[in-house]
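To start, the structure under review is shown below, and the notes come after it.
Just so it is clear, none of the values below were taken in a lab; they were calculated from the coordinates. Since the model is a prediction, treat every value here as computed from it, not as a measurement. Because the Cβ atoms are built from the backbone with ideal geometry, glycine has one as well, and the counts that use them run over all protein chains shown.
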Amino acid sequence: MELRVLVCDDSMLIRKKMKDLLEGLKCCVFEAENGSEGFKMYKDSKPDAVFMDIVMPETDGLEALRLIKEYDDQAQVIMLSSAGTATKVLEALKRGAIDFIQKPFEIEQIKATLEKVVHTGGADG
């Protein structure tokens, strides 16, 4: 698959779990621990997909999503959160997220979402 994926989450444990899972799926993984770092890293590494936590210190996931979509309206951002309130999910989708995955997530959900990224843009537009 060889996708470039950014994992943006303030939990080191979640980042490690995602990284291991994604590398197992042959992805090249970048990590950020908050939204502002995630936005900077997005600009620097231009990943094919972003897994973004919603609740984070400094800049939350919704704000980071807004910044990324303003910078690149083709960005493939998937929101990841345990704070899955309907309002936040709707807000994320309205702001351009392509999907929402509830934590704790299953490997199958991540795989299915990556398939969607490959078919809707990913590496080759």
Exercise for review: Could you work out which residue, out of 78, 98, 68, moves most in a Gaussian network model of the chain, that is, has the largest mean-square fluctuation with Cα springs under 10 Å?
Suggested key: 98
Check your understanding: What residue among 12, 79, 52 has the largest mean-square fluctuation in a Gaussian network model of the chain, using Cα springs under 10 Å?
Key -> 12
Practice item. Can you figure out the FRET efficiency of residue 74 with residue 44, using R₀ = 22 Å and their beta-carbon distance, to the nearest 0.05? Key: 0.85
Exercise for review: Just list whichever of 26/116; 16/111; 17/43; 16/43; 43/103 have alpha carbons separated by over 19 Å in the model shown.
Suggested key: 17/43; 16/43; 43/103
Revision key, fill the gap. Relative contact order of the stretch 4-113 (C-alpha contacts under 8 Å, at least 6 apart) in percent is 23 percent
Practice item. Show which aspartates and glutamates lie in cross-link reach of residue 88 when reach means a straight Cα distance below 13 angstrom and same-chain residues fewer than eight apart are skipped. Key: 53, 60, 63, 99
Check your understanding: At a Förster distance of 30 Å, what's the computed FRET efficiency of residue 106 paired with residue 23, Cβ-Cβ distance as r, to 0.05?
Key -> 0.95
Point to revise | 10 Å binning of all Cα-Cα separations within the chain, expressed as whole percents from 0 upward | key: 15, 53, 31, 1
Check your understanding: In deg cm²/dmol, rounded to 500, what helix-only [θ] at 222 nm does the chain give when every DSSP H run of at least 4 residues adds -39500 (n - 2.57) and the total is split over its residues?
Key -> -14500 deg cm²/dmol
Check your understanding: Label points 7 Å out from Cα along the Cβ direction at residue 58 and residue 2: separation in nm?
Key -> 3.1 nm
**Study point:** For the stretch 15-33 and the stretch 41-111, distance of Cα centres in Å
**Key:** 15 Å
